[in-house]
Amino acid sequence: MIFEERTLGNVTFRNRILRSSVGGRMCAYDGTVTDVWRNFELKFARGGVGGIISTTFSTNPRRQSPLEYPTISDKKYVRPLKVAIDAIKGEGCRYIVQIGDPGAATQLSLFPEREDELSSSNGFEPLYGYGSFRREMSAQQISKAIFDFEIAAARVQDAGADGVEITAEKGYLIHQFLNPGMNRRKDDWGGSPERRFRLLEEIVKAVRSRVGREYLVGVRIAAADFNYLPYLNFAFRVPWVWPLRHHFLGNSVETTMRYGLRLKELGVDYLHVVNGYGFPNPKGNPGSFPLEEVKLFCNATRHLSWKAAIRAALLNLVPNWIARPIFGLGWSYKEGISLNDALQFRAGTGLPVITNGGYQMRPGMEAALQRGCDFVSMARALIATPDLVDRFKQGLDKPEAPCTFCNRCCARTATSPLGCYELARFKGSEEDMYRQIMELNTPR
Ligand SMILES: Cc1cc2nc3c(=O)[nH]c(=O)nc-3n(C[C@H](O)[C@H](O)[C@H](O)COP(=O)(O)O)c2cc1C
């Protein structure tokens, strides 16, 4: 079933395997896409995937997450993007641009900025984002954020992309509004599941009215937020935290299914179903906890706030043999971790779904399609083997040097060139690993 053509909205894909969003530091400092970025994307198009969903293009001119990721917050970004998209589509591969606003999850910045703290409500968030506190957005700032999405979607269309995907997960701004632990507002933008949904609703309406009924519009949504990291799982069991448990739980599939139904009414063409809150998180990136790389990230950002400084100091202080089992709690690999939720959304909303999380072997993908998913998307397995789909075509069921789901690539994405940092995959040869990373990061 992998190699069947499939249509989403009015767009037909040559097969049912998509490259899921993968971001790296490949753009200019101002967020303009470069030849390195285009060449990276081309590798997957030439490797046989039916379509590519871009990394998150920032809609906000101030919040870029992280530096050297792309943005679409001004019309000057359209032309270079169009050149790249034309080249990718020339390979027979469809291209969808994902747009998003990190809000208070902004991971790094040239200098600390107040804008990087903006969120649904005031609060302290120890892990994601560098800002010491989250700050509640005013109604005016919310309206501006909605307009930023609307205009970004129009630019995506102008750039010749086949569609636009709105990211409502990853602990980014929309997710900060959807999540009851993060959104403690009592006004029109919070307080009940419907009011928490309002930001996403207004964005979808604005985007749809701007791009027209025929244009492909999807939403990337977390079916369930869970406790977004294992330490909260732990806290959840401590009785005195019980009255605060809403902080730790987030939405469950019962609520997000209602959101799915409403998104269908609003004219969304597909749902890209994932799980968990924040990036990376064990429900979205099944695999191991990349302790060394997380330390690297925390040390590289510690100058940005006192929270970031304390976060780094604590991580440096605790020996690895203690930190590893504690932070590694709850992290494990599971193939197709969101599959059951994706199927539930398929059945419950009737919308086409993309399932994501932990795919690499052909039989697992075939089974997901067989059971009713429309597409399977992959990120880490394709970073390891960009031409995986072509390998399947040649009769292989799995790559020769498979991704181990170590999550080093995820934690390195903000600090290092994007690539596979799992030495074991290169039989211990640093030179081979270096070569592959650099090959993914050249402008040729
Ligand atoms: C290096 C890296 C960068 C990523 N960047 C993004 C991103 O910009 N936007 C996004 O929505 N997801 C991003 N993701 C998440 C992936 O799209 C995907 O959901 C996740 O890795 C789980 O899928 P997988 O098991 O196939 O890797 C990124 C993942 C990796 C490994």
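With +1 assigned to the C-beta of every Lys and Arg and -1 to the C-beta of every Asp and Glu, and no other charges, what is the dipole magnitude of the chain about the Cα centre in debye, to the nearest 20?
Working: 58 positive and 47 negative charges, 91 e Å.
Dipole size: approximately 440 debye.
Taking Cα pairs under 8 Å and at least six residues apart, what relative contact order does segment 366-444 come out at, in percent?
Values: 62 pairs, mean separation 16.4, N = 79.
With pairs under 8 Å counted, the relative contact order is 21 percent.
What is the local net charge at K186, summed over the other residues whose Cβ is closer than 12 Å to its Cβ (Lys, Arg +1; Asp, Glu -1)? It would help to have the intermediate numbers written out before the result.
Working: positive: R184, R185, R195, R196; negative: E136, D187, D188.
Counting the neighbours of K186, the net charge comes to +1.
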How do 93-101, 129-137, 433-441, 171-179 rank on mean C-beta neighbours within 10 Å, highest first?
171-179, 93-101, 129-137, 433-441
Carbon and sulfur together cover what percent of the accessible area of the chain at a 1.4 Å probe radius?
56 percent
Across segment 291-300, in residue order, what do the Karplus-derived ³J(HN,Hα) couplings come to in whole Hz, using 6.51 cos²θ - 1.76 cosθ + 1.60 with θ = phi - 60° and x for Gly and Pro?
4, 4, 6, 5, 4, 4, 4, 5, 5, 6
Give me the one-decimal nm value for the distance between modelled label points at F133 and D390, 7 Å along each residue's Cα-to-Cβ direction.
5.4 nm
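Skip the ligands, DNA and RNA, and give the accessible area per residue of segment 1-135 with a 1.4 Å probe, whole Å². Don't jump to the answer; show the numbers that get you there.
Details: 4590 Å² over 135 residues.
Roughly 34 Å² per residue, with all protein chains present.
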With every protein chain kept in place and a 1.4 Å probe, segment 289-420 has an accessible area per residue in Å² of 41 Å²
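The values are calculated or read from the model by the stated rules, or taken from the named source; none is laboratory data. It should be emphasised that the depicted structure is a prediction, and the values quoted were computed from it without experimental measurement. Glycine also receives a Cβ, built like all others from the backbone with ideal geometry; neighbour counts cover every protein chain displayed. These area figures cover heavy atoms from the full protein model, side chains too; ligands, DNA and RNA do not enter into them. Shrake-Rupley method; radii C 1.70, N 1.55, O 1.52, S 1.80 Å.
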